[in-house]
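Right, one structure below, let's go through it.
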Amino acid sequence: MTINEKAYAKLNISLDVGRRREDGYHDMVMIMQTVSLADDIRIDINGSGEISALSNLPFIPCDERNLAVKAARLWFEAAGRTEGAAISLNKRIPVGAGMAGGSTDAAAVLRGLNRAFDSPLSKEELLDLASKTGSDVAFCLCGGTMLAKGKGEVLTRLRDLPDCTVAICKPRFSVSTPELFTKLDTRPGRHHPDTVGILSSLEEGDLRGICRRMYNVFEDVGDRRMKVVAEIKSKLIDAGALGAIMTGTGSAVFGIFSDEADAEEVIAPLRKEYGFATTTRPVGKLL
Ligand code: ATP
């Protein structure tokens, strides 16, 4: 039996980092959005009793370090099934971009396996497996527009983002997540996003109000690579974006456009200069 599942990318409409906790994690407050840019996941259920993976990108690990494999193992264990699966990942989401590429593959595997076997696990059980797999997996499992707190696993569903076109650009470098957290911890007097303001703009369906307030605290860490991020943001704004920020720990940057043609027009020059650029659209609830 073969199951195909889309693994959609996520963007951060806002990202705030609170204090460092006893367990070493930071308390996060994020507004997250699923977008149509996606990896294609194929799951072939077989009788091997093993979980294997392969991907179109040779540098991605295909063993237990791959979050899709980890999620599959957890799912088979929890569902008490012994069949096994071969997972094929056709990756389109840039790696190390802050778009939850690995987490969303894991979430797609959880949704796909549960569909393949006629839903033996409840939504709550899937969410539990998601949290065990990685911080952003629970959001990727549910999809849509959500407020994420804690490590990112405490989720509240929000009203869908109003219709818009998103232009995403990823420069050729990636940014190390632990390095950014350390830099942020040692930075005094930080700014914070107006999360409450974004929440009420979302409630009112006010795209301009949302875009005006989009903010990611990681852009403030004083890392020299953030100069390139700022440069891309300016180009998006000059092209007509209502707002532009970096997603997650970067290095991808996106702008939100009410005019689709403006968004399409900026893609070719961005791609030429920075390597990766595409347009995408918001996607609603998945589970
Ligand atoms: P996040 O937004 O969650 O911080 P990211 O988008 O910055 O993540 P990923 O694209 O998920 O980063 O990849 C980060 C690392 O995770 C890669 O270097 C890779 O080794 C590992 N990884 C594990 N599983 C996967 C997967 N299925 N796809 C891509 N990378 C994976």
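Brief remarks on what is shown
- With contributions of -39500 (n - 2.57) from each DSSP H run of at least four residues, the per-residue ellipticity at 222 nm computed over the chain stands at -10500 deg cm²/dmol.
- Degrees between helix 260-274 axis and first principal axis of the chain (Cα, 0 to 90, nearest 10): 80 degrees
- Highest mean packing comes first when the peptides 28-39, 116-127, 229-240 are listed by Cβ atoms within 10 Å, giving 28-39, 229-240, 116-127.
- Segments 103-109, 178-184 sorted - mean Cβ within 10 Å per residue, highest first: 103-109, 178-184
- The Cα atoms of region 44-154 give a gyration tensor whose axes a ≥ b ≥ c have a/c of 1.5 or more with a/b no greater than b/c, which makes the shape oblate.
- Convex hull of the chain built on C-alpha atoms - directionally averaged projected area, nm²: 14.6 nm²
- Note on region 218-287 and region 1-76: Cα centroid distance 22 Å, given to the nearest whole angstrom.
- Percent carbon-and-sulfur accessible area, the chain, ignoring ligands, DNA and RNA, probe 1.4 Å: 50 percent
- Using Cβ point charges alone (K and R +1, D and E -1), the dipole size of region 192-279 about the Cα centre works out to roughly 420 debye.
- Across region 48-62, rounded Karplus estimates of 3J(HN,Hα) from the backbone phi angles (6.51 cos²θ - 1.76 cosθ + 1.60, θ = phi - 60°) give 6, x, 10, 10, 10, 9, 9, 9, 6, 10, x, 8, 8, x, 10 Hz, Gly and Pro being marked x.
- Per residue, the accessible area of the chain comes to 44 Å², computed with a 1.4 Å probe over protein heavy atoms only.
- Mean Cβ neighbour count within 10 Å, used as a protection proxy, ranking 94-101, 152-159, 169-176 highest first: 94-101, 169-176, 152-159
The values are calculated or read from the model by the stated rules, or taken from the named source; none is laboratory data. Predicted model, so just to flag it, every value in this text is computed and none were measured. Neighbour counts are summed over all protein chains in view; Cβ atoms, including those assigned to glycine, are modelled from backbone coordinates with ideal geometry. For the accessible areas, the whole protein counts, side chains as well, though only heavy atoms, and no ligand, DNA or RNA atoms are used. Shrake-Rupley method; radii C 1.70, N 1.55, O 1.52, S 1.80 Å.
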